[in-house]
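So the structure is just underneath, and the comments pick up after that.
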Amino acid sequence: MAKRRKKSKAKGVAAAVVVLIAVIAGLFFGKDAIFGGITDNPSAPVSGGEVQFHFIDVGQGDAALIRTEKGDILIDAGTNSSEDQLKAYLDKLGVTELEYAIFTHPHEDHIGGADMILNTYTVKRVILPDKEHDSKTFERMMDAIEAEKCEVIMATPDKTFKVGELNCTILAPISTSYTELNNYSVVIRADYGETSVLFTGDAETHSEEEMLERYRFKGTLDCDILKAGHHGSDTSSSQAFLDAVTPVHAVISVGEGNTYDHPKQEILARYEAMKLEIHRTDKEGSIVFTTTGGEPTKK
Ligand SMILES: [Zn+2]
């Protein structure tokens, strides 16, 4: 019995040594070295109560990703020609599933990659403005939505949704009919702790005025990070709107040397006069902010 006990004790010591070696190996090579590259949940977005806001470089277009511990939200999908770039970015992060995909309005520089998104990833819900558009890109998106069989939510102002502790509110479109397609843009406010981010799509001054009228006195527009409306065009970012939003950061999603001359000098001057920190995807590539509930910091 004593011998057996001794033997099992030796076994115990051997097991302890194996564990110790594994731990040391882990310190040097990371846990992939021990477990053969298998991670618990490769699509686990973020941990430690962190939320990330990615403004993804898709050239002259928009695409943003919000990552929370409980899932991801995509806002716009860039152009047809930036599909591969967007897919590579999402794949590198390990995205496999989207809680929400929001396609702000039917212009190609926002929904160009929508069919790729729906055909590649599991999309649980799509948020759209109630506006159809006569284009092949729009048709492809609608076909892909139908094939995905996901829930389709029409954007209406004041509608809220949550992913984990991240609260989102749809602020616009407020009217049901506009002459300019850009004004159908779904505008989303995302709040996490003290951090708030305003995603404006290509909403122009008409939509900005409606938002001012509806929300100004509620303080709803006050945010830390503003995704500059319409790629920094002078159709958007009216002084009155900026005065209500009072952002610290303005992120301009724009392509280098674009034919629209975005962002407009006048708008940059307006941001500079307000001492906003200006971040541009044409100069910096993709831009990421993180927060654990306090002030957002740029990665
Ligand atoms: Zn656009």
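Quick note: the coordinates plus some simple rules give every number you see, no bench work behind them. This is a predicted model, so every value here is computed, not measured. Quick reminder, even Gly has a Cβ in these numbers, built from the backbone with ideal geometry, and neighbours come from all protein chains shown.
What to note about this one:
- Gain upon complete extension [T246, K70; 0.36 nm per residue less C-alpha separation]: 60.4 nm
- Applied to the stretch 129-140, the Karplus parametrisation 6.51 cos²θ - 1.76 cosθ + 1.60 on θ = phi - 60° returns per-residue 3J(HN,Hα) values of x, 7, 8, 8, 8, 8, 8, 4, 4, 5, 4, 4 Hz, with x for Gly and Pro.
- Relative to one another, the C-alpha centroids of the stretch 111-158 and the stretch 279-298 are positioned 27 Å apart.
- Length-normalised contact order of the chain in % [C-alpha pairs under 8 Å, at least 6 apart]: 15 percent
- Using R0 = 30 Å, the C-beta based FRET efficiency linking K149 and T96 works out to 0.95.
- ³J(HN,Hα), Karplus 6.51/-1.76/1.60, whole Hz, each residue of the stretch 52-62, x for Gly, Pro: 10, 10, 9, 9, 8, 6, 10, x, 7, x, 10
- Where only C-alpha atoms are counted, convex hull volume of the stretch 113-156 per residue in Å³: 62 Å³
- Calculated over the stretch 130-226: convex hull of Cα atoms, volume per residue (Å³): 110 Å³
- Kirkwood-based Rg to Rh ratio, the stretch 229-269, C-alpha trace: 0.97
- The stretch 148-299: translational diffusion in µm²/s, Stokes-Einstein, Kirkwood Rh over Cα pairs, 37 °C, 0.692 mPa s: 206 µm²/s
- Enclosing the Cα atoms of the chain in their convex hull gives a volume equal to 166 cubic angstrom per residue.
- Pair A88, E256: separation of 7 Å Cα→Cβ label points (nm): 1.4 nm
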